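The values are calculated or read from the model by the stated rules, or taken from the named source; none is laboratory data. If you're wondering where the values come from, they're calculated on a predicted model, not measured in any experiment. No Cβ is skipped: glycine too gets one built from the backbone with ideal geometry, and neighbour counts run over all protein chains shown.
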Amino acid sequence: MSITFDGTALNWYTHTIVKDGTTVSSPTALGEVYFGSTKVWGTGGSYSNLFSFTMKPDSSALETAVSTMQSSYSAAFKNAYYDIGPGGDSRYQVQLRKGYRMSTSDGNFVGDDSSYFYLWEGQSVTGANTSHNGDTSCTLQRDNGV
């Protein structure tokens with residue numbers, strides 16, 4: 001079940017719900033709405049892929065991916081910055097908003113507006129919240145909502 005207004009299905013990542021002058025949910029502050037005990041607004045647990053990339057040792061793949069994510073998918077990030085690099089070794093600290101996740105070959109990092117994880121690309125290693133030899137695949141995803 002979802003909320004439909006004037007024939008348009010509302011999406012948590014593009015629409016805002018305001019009740020009595022108070023924002024209940026917006027793309028940057030996801031809330032949940034229930035009709036009785038049925039959730040009709042918010043995250044639902046299935047994801048759509050937004051952007052995929054592969055970090056490789058001794059490359060600039062992370063730098064290229066960060067540039068694309070900052071320009072095209074900024075709504076997914078509450079905060080993100082380099083704490084090492086770029087240019088050589090790079091470590092990118094990421095804080096995703098609720099409703100987004102980064103699915104990597106090292107695990108999934110679900111946005112909750114408060115937790116950080118990092119993406120690492122060095123001379124001989126890569127990783128998501130770790131470092132190891134070889135490549136690391138990454139996919140930024142958005143929850144499809146209910």
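The table below gives the values:
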{"item": "Failed item in (1) farther than 24 Å from residue 41 by Cβ; (2) modelled with pLDDT under 95, with residue 113 passing the rest", "result": "(1)"}
{"item": "Pick from the stretch 1-58, criterion in contact with a Leu (Cβ under 9 Å, 6 or more places away or on another chain) and aromatic (Phe, Trp, Tyr), ranking: surrounded by the fewest Cβ atoms within 10 Å (Cβ to Cβ)", "result": "51"}
{"item": "Index of the failed condition, residue 46 passing every other in (1) over 28 Å from residue 120 (Cα atoms); (2) under 16 Å from the mean Cα position of the chain (by Cα)", "result": "(1)"}
{"item": "Spans of strands (runs of 3 or more DSSP E) in the stretch 74-146 with at least 2 residues more than 16 Å from residue 28 (Cα to Cα) and of a type in the set (Phe, Trp, Tyr)", "result": "77-84, 117-121"}
{"item": "The stretch 84-110 residues that are under 18 Å from residue 139 (Cβ atoms) and of a type in the set (Phe, Trp, Tyr), paired with ones that are surrounded by fewer than 17 Cβ atoms within 10 Å (Cβ to Cβ) and modelled with pLDDT under 95 (beta carbon under 7 Å, 6 or more apart)", "result": "92/82"}
{"item": "Search result, residues across the stretch 43-91 that are modelled with pLDDT under 95 and in contact with a helix residue (DSSP H, G or I) (Cβ under 6 Å, 6 or more places away or on another chain)", "result": "86, 90"}
{"item": "Residue check for residue 66: part of a strand (DSSP E or B), under 15 Å from residue 118 (Cα atoms) and among the aliphatic types (A, V, I, L, M)", "result": "no"}
{"item": "Counted residues, the stretch 106-116 - those being buried (at least 16 other Cβ atoms within 10 Å of the Cβ) and under 12 Å from the mean Cα position of the chain (by Cα)", "result": "3"}
{"item": "So residue 103, is it of a type in the set (S, T, N, Q), at pLDDT 95 or above and buried (at least 16 other Cβ atoms within 10 Å of the Cβ)", "result": "yes"}
{"item": "Residue satisfying all of: in the stretch 120-146; out of contact with any Pro (no Cβ under 8 Å at 6 or more places or on another chain) and more than 22 Å from residue 46 (Cα to Cα); modelled with the lowest pLDDT among these", "result": "131"}
{"item": "Matching residues, the stretch 92-107, being hydroxyl-bearing (Ser, Thr, Tyr) and more than 18 Å from residue 82 (Cα to Cα)", "result": "100, 103, 104, 105"}
{"item": "Residue within the stretch 89-100 that is crowded, with 16+ Cβ neighbours inside 10 Å and not assigned by TED's automatic domain parsing to the domain that holds residue 124 present", "result": "no"}
